[in-house]
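For reference, the structure is listed below as C-alpha cells.
The values are calculated or read from the model by the stated rules, or taken from the named source; none is laboratory data. None of these values were measured; they are calculated from a predicted model. Virtual Cβ from ideal backbone geometry, glycine too; neighbours counted across all protein chains shown. Surface areas here come from the heavy atoms of the whole protein model, side chains and all, with no ligands, DNA or RNA. Shrake-Rupley method; radii C 1.70, N 1.55, O 1.52, S 1.80 Å.
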Amino acid sequence: VQLQASGGGLQQAGAYLRLSCAASGRAFSGYTVGWFRQAPGKERGFVAAIRWNGGNTFYRDSVKGRFTISRDYAKNTVYLQMNSLQPEDTAVYFCAVGRPITSSVGDSSLYYYWGQGTQVTVSS
C-alpha cells in the first residue's frame, strides 16, 4: 500500500483545513487508517483513526469536537477535517494503515504503511 497525504498548509487560529490520505496499490479494505502528528522536538502522537470496513472512529481528547475523520469508498481516500485550528495543532501530519485492536488504536507501532507527511502550521 502506498499512501499519499496532502492538504496541509498555513492557517490562522480558528480556521480550518482538510487533509487527505489516498491509497494506491491496494484498497483500505480490512484496515484501520490513522492520522498521527509530530511537532518539532516531540514524539509522534495519535490524532484520529477510522475502521475502513465498519466506520468506527477514534480521536485523541484534544481534537474531539474539532476534527472529523471520514472515508470515501469511491476515491479510496480518508479525510481529516480540522476545524477551529489552534497553534498547538502545528505539526507534520502522517496517515498510516494497520490493524490495531481498539484498545491500541493509538499505538503507532501497530501501523505498518505510512505516508510521507504533510505540514500543518497554525499561527496565533
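Ranking TRP52, ILE69, GLN38 by Cα position along the charge dipole of the chain, where only Lys, Arg, Asp and Glu carry charges on their C-beta atoms, puts TRP52 farthest toward the positive end.
Going by accessible area, probe 1.4 Å, with all protein chains left in place, what is the ranking of THR90, THR77, THR102, largest first? Provide the component values of the computation, followed by the final result.
Numbers: THR90 35, THR77 10, THR102 85 Å².
If we order THR90, THR77, THR102 from most to least accessible, we get THR102, THR90, THR77.
The convex hull of the Cα atoms of segment 33-112, projected and averaged over all directions, covers 5.4 nm². Want the number for GLN119 to SER104: 0.36 nm per residue separation, take away the alpha-carbon distance, what's left? Residue separation times 0.36 nm, minus the Cα-Cα distance, leaves 2.9 nm. Using the Cβ of PRO100 as centre and a radius below 11 Å, the other residues enclosed give a net charge of +1, where K and R count +1 and D and E count -1. The relative contact order of the chain comes to 35 percent, based on Cα pairs under 8 Å that sit 6 or more residues apart. Summing Lys, Arg as +1 and Asp, Glu as -1, what charge do residues with Cβ under 11 Å from the Cβ of TYR79 carry, TYR79 excluded? Local charge sum for TYR79: +2.
Report note on the peptides 60-73, 24-37: ranked by the mean count of other C-beta atoms within 10 Å, highest first, their order is 24-37, 60-73. The distance from the alpha carbon centre of segment 1-34 to that of segment 41-119 is 8 Å, rounded to a whole number.
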